[in-house]
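Shown next, in structure tokens, is the structure this report addresses.
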Amino acid sequence: MLILGDSATSRAESLSTYGENPHQKAALYRKLDTDPDDLINNEQHSGKELSFKNIANMDCAYDLAREFSTPACVVVNHNNPCGVGLAKTLSQAYEKALLIDPAIVLDSVIAVNRPVDAEFAHLLVDNAVKVVIAPSFLADAFVICKKSKHLRLIKILKWGYKTEKLNLDYKSIGGGLLVQEKSPCRMPSDQANVVTERKPAPNELRSLDLGRRVVKHAKSYAVAFARNNHIVAIGVGQPNQTHAIEFAIHKALRRNLSLKGTALASDDSFLSRDCIDIAAQAGVTAVVQPLPNKRDKKMIQAADQHNLAMIFSHTRHYCQ
């Protein structure tokens with residue numbers, strides 16, 4: 001058994017099977033001052049014990065899914081969003097999330113922000129999904145999901161949409177603990193931060209908003225191409241934005257996915273005009289990047305030359 005933490009601030013909740021790797025011991029600790037809508041306040045209704053990897057993926061998936069008021073389906077693996085869809089129903093949102101690549105559901109964690117119904121439950125048991133997080137499970141959906149021995153059903157006891165309340169993020173280092181405020185996601189509700197000649201159309205603004213929320217939860221450097229309420233391509237964990245864009249485009253081309261008419265969101269500012277040129281050549285029509293910098297005139301000029309709409313959001317979203 002691995003003993004960690006201070007009994008004055010936390011207590012051992014349970015032991016997971018092992019850590020990130022089989023040779024690593026692991027434990028889950030509950031803070032004594034948790035909020036009602038925190039992930040740890042959940043009920044598991046089926047399946048075997050959750051692993052360290054399951055719980056880490058659950059945290060990312062739940063954090064992203066509750067940013068949306070529209071029915072949403074978020075697919076996460078290795079602590080990165082790999083598919084997101086928004087629609088009128090969970091089944092439609094799930095189908096949109098998988099347009100990027102149906103293989104993303106293998107060993108994944110899925111979070112949805114509506115009660116799971118029978119129609120959606122049938123889709124889950126037909127794939128190798130590991131964990132489903134939801135506000136609740138309807139009775140008929142629960143019966144269907146129980147047919148899968150490997151599917152874990154996780155009900156959040158008090159599902160809460162993201163607010164601007166102060167939340168803290170922790171990162172362990174040798175001999176200490178780094179603590180910071182969690183990053184909010186403030187997407188401009190108007191076009192005050194548009195810096196190009198062309199302003200984004202309403203559908204482009206919706207896609208930019210979706211992309212911003214997704215890259216916030218992806219490992220930096222990260223970019224997301226969004227269109228029609230789903231993520232078409234995503235590039236994460238790259239050494240710079242140019243590589244992230246090229247990586248996402250490469251994956252889309254391998255899947256024969258068109259990026260025409262997509263909106264591009266980046267977690268950090270572009271440092272090279274190449275980012276704009278490559279994105280425009282791929283079919284991007286709108287861009288949101290965080291902070292203006294000394295190269296912003298060249299970026300704006302490049303965007304105008306390609307007739308792109310571009311927003312400076314003034315909020316960076318590094319994620320490690």
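Data overview
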| quantity | calculated |
| --- | --- |
| Checklist (1) in contact with a helix residue (DSSP H, G or I) (Cβ under 9 Å, 6 or more places away or on another chain); (2) within 25 Å of V76 (Cα to Cα); (3) among the small types (G, A, S) applied to A286, failing item | (2) |
| G235 vs. criteria touching a residue at least 12 places away in the same chain (Cβ under 8 Å) and at positive phi | no |
| Residue check, S69 loosely packed, with under 15 Cβ neighbours inside 10 Å, farther than 25 Å from S51 by Cβ and not hydrophobic (A, V, I, L, M, F, W, C) | yes |
| Residue check for A218: within 19 Å of L64 (Cα to Cα), in contact with a Cys (Cβ under 7 Å, 6 or more places away or on another chain), in contact (Cβ under 8 Å) with a residue 12 or more places away in the chain and of a type outside the set (K, R) | yes |
| Filter result for the condition that a residue is closer than 27 Å to R30 by Cα and not assigned by TED's automatic domain parsing to the domain that holds L208, over A72, A141, A97, A134 | A134 |
| Qualifying residues in the range 243-271 (those that are polar (S, T, N, Q) and either within 14 Å of M310 (Cβ to Cβ) or surrounded by 20 or more Cβ atoms within 10 Å (Cβ to Cβ) (or both)) - the one modelled with the highest pLDDT | T262 |
| Any chance E197 is at pLDDT below 90 and either assigned by TED's automatic domain parsing to the domain that holds A128 or in a loop (DSSP other than H, G, I, E, B) (or both) | no |
| In the range 209-242, the residues that are surrounded by 24 or more Cβ atoms within 10 Å (Cβ to Cβ) and either part of a loop (DSSP other than H, G, I, E, B) or over 14 Å from the mean Cα position of the chain (by Cα) (or both) | H217, A218, A222, R227, V236, Q241 |
| Every residue from the range 272-306 that is closer than 16 Å to N240 by Cβ, surrounded by 23 or more Cβ atoms within 10 Å (Cβ to Cβ) and of a type in the set (S, T, N, Q) | Q289 |
| Positions within the range 243-257 being outside any helix (DSSP H, G or I) and in contact (Cβ under 8 Å) with a residue 12 or more places away in the chain, in sequence order | R255, L257 |
| Pair list, Cβ < 9 Å and 6+ apart or interchain, from the range 159-184 residues that are surrounded by 10 or more Cβ atoms within 10 Å (Cβ to Cβ) to residues that are of a type in the set (A, V, I, L, M) and at pLDDT below 75 | K182/L166 |
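The values are calculated or read from the model by the stated rules, or taken from the named source; none is laboratory data. No experiment lies behind these values; they were computed from the predicted model shown. For neighbour counting, all protein chains shown are included, and Cβ atoms are generated from backbone atoms with ideal geometry for every residue, glycine included.
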